[in-house]
Structure formats: C-alpha cells, structure tokens
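For reference, the structure is listed below as structure tokens.
The values are calculated or read from the model by the stated rules, or taken from the named source; none is laboratory data. In this text the structure is predicted, and so the values were computed from the model without any measurement. Every residue, glycine as well, gets a Cβ built from its backbone with ideal geometry; the counts of neighbours run over all protein chains shown. Accessible surface areas use protein heavy atoms only, side chains included; no ligands, DNA or RNA. Shrake-Rupley method; radii C 1.70, N 1.55, O 1.52, S 1.80 Å.
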Amino acid sequence: MIRIVIAEDQRLLLGALGSLLDLEDDMEVVGKAKDGQEALDLIHQHQPDICIMDIEMPVKSGLDVAEEIKNHDCKVIILTTFARAGYFERARNANVSGYLLKDSPSEELANSIRVIMGGRKIYAPELVDIAFNKQENPLSEREEQVIQLIAEGKNTKEIASQLYLTTGTVRNYVSVILDKLDVSNRIEAISRFREKGWFK
C-alpha cells in the first residue's frame, strides 16, 4: 500500500484529491494538510511514501517543505498551476520526484505515483520546455546584491549604508535593474527576479 500525505490550501481540491486517490486499490491517504508546516508535521508523524504538495501555501510553501525533507525517505510530488522556470529549478534542486500541473487528468496522477514509487522521476512536458529555454540572469553581481536587499525590505539609504555606496549610486543601480528586467517599479522587479528563479 502506497501511503500518501496531501498538502493543498484549497479545501475543495484537497478533499477531491484525497477521495480520488483513496479509490485506488494500492493507495491510502494518511494525512491532509492545508499549509506547508502542517504537511511537514504530518510527514514526520505518518512517515508516508509520498507527499503531494501545492507550491503556494500559507506558513511554508511546498518548495520550502521539499527543501527541508530533501534527504527524507518521503518522495515529493509538486502539483501546481504554475509552470514557472524558477519554481521548477528550485524543485529540481530539492530533488522532488515529480512536478505535475493541476490541469492533468486525475488518472495521470495515480499512474505517476506508481511510476515514481518504481524509482523514476516525472516532470510535466511544459516544464521541460521551460527549463531548456531558460533565460540567463541579466544582472551584475552588484545589481544582484541591490535587488536582494530591496527584497529584504531595505530602502535606498539602508542599501547605500550596507554596500558602502552613495544613495545616488544606489538609485542608479535600481534604475538599471528596472531597465534590465523590463519592469516599472521595485515590487515588479522582485516579482520578476523571483519568478525567473534568480534569487540565490
């Protein structure tokens, strides 16, 4: 019997996934979590064979959990609506066994679980395309330091002080960053940089 934990913050989908997988003769859903921390607790409590996780959940994301249990026996399948290069890159680095999109047919999920239990990895074809067409990070090392500090909530003055620069130089860096990322403000810059998987 394949023991499964499901983590999904949309209650309706959580219930539906649980019911579907419980119908399979060789599968048993031993826990359902509505956020990443709960998923982590259930994994330690039940020691399942597989954990199926959404990415964007409260408290901890599915990728945070995958990174924390990277060396655990429990295999991770990411099930998400997001076919983003950055997410896929993080998932691969966390050694997840599967990365599937939510619009896949339900029987495909059960089959994927069996294949993964047999020792193989399964990635949605769309993601493989994205991974091969991955863009390179256009920012210099110094610009990366600046965007990292912006993401931490630092203002121009704080960034200047931390990097031993003048506020004018920091403003120049910020405008170059916005230009290179083709965005109009700092929030969009952080979002674009994160989406591309360029934060280290």
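Some notes on this structure:
- Residue under evaluation Val65, criteria (1) over 30 Å from Leu23 (Cα atoms); (2) under 17 Å from the mean Cα position of the chain (by Cα); (3) open to solvent by less than 20 Å² (accessible area, probe 1.4 Å), criterion not met: (1)
- Test result for Leu139, touching a residue at least 40 places away in the same chain (Cβ under 8 Å) and touching a strand residue (DSSP E or B) at 6+ places or on another chain (Cβ under 7 Å): no
- Selection of the stretch 19-29 for residues being under 23 Å from Ile69 (Cα atoms) and surrounded by 18 or more Cβ atoms within 10 Å (Cβ to Cβ) yields Leu21, Met27, Val29.
- Members of the stretch 47-60 found to be closer than 11 Å to Gly31 by Cα and either open to solvent by 50 Å² or more (accessible area, probe 1.4 Å) or of a type in the set (S, T, N, Q) (or both), listed by number: Gln47
- Enumeration of residues in the stretch 52-71 that are part of a helix (DSSP H, G or I) and either touching a Lys or Arg at 6+ places or on another chain (Cβ under 9 Å) or without any contact (Cβ under 8 Å) to a residue 40 or more places away in the chain (or both): Leu63, Asp64, Ala66, Glu67, Glu68
- Of all the residues in the stretch 5-51, those that are part of a loop (DSSP other than H, G, I, E, B) and among the aliphatic types (A, V, I, L, M) number 1.
- Taken over the stretch 153-199, the criterion of being within 24 Å of Arg84 (Cβ to Cβ) and part of a loop (DSSP other than H, G, I, E, B) is satisfied by Gly153, Asp182, Val183, Ser184, Asn185, Lys196, Gly197, Trp198, Phe199.
- Candidates Gly98, Gly118, Gly86, filtered to the one that is under 26 Å from Glu67 (Cβ atoms), of a type in the set (Gly, Ala, Ser) and open to solvent by 40 Å² or more (accessible area, probe 1.4 Å): Gly118
- For beta carbons closer than 8 Å, sequence separation of 6+ or different chains, a first residue in the stretch 177-199 that is more than 20 Å from Glu89 (Cβ to Cβ) and of a type outside the set (Gly, Ala, Ser) and a second that is open to solvent by less than 30 Å² (accessible area, probe 1.4 Å) and assigned to a loop (DSSP other than H, G, I, E, B), the qualifying pairs are Ile177/Leu139.
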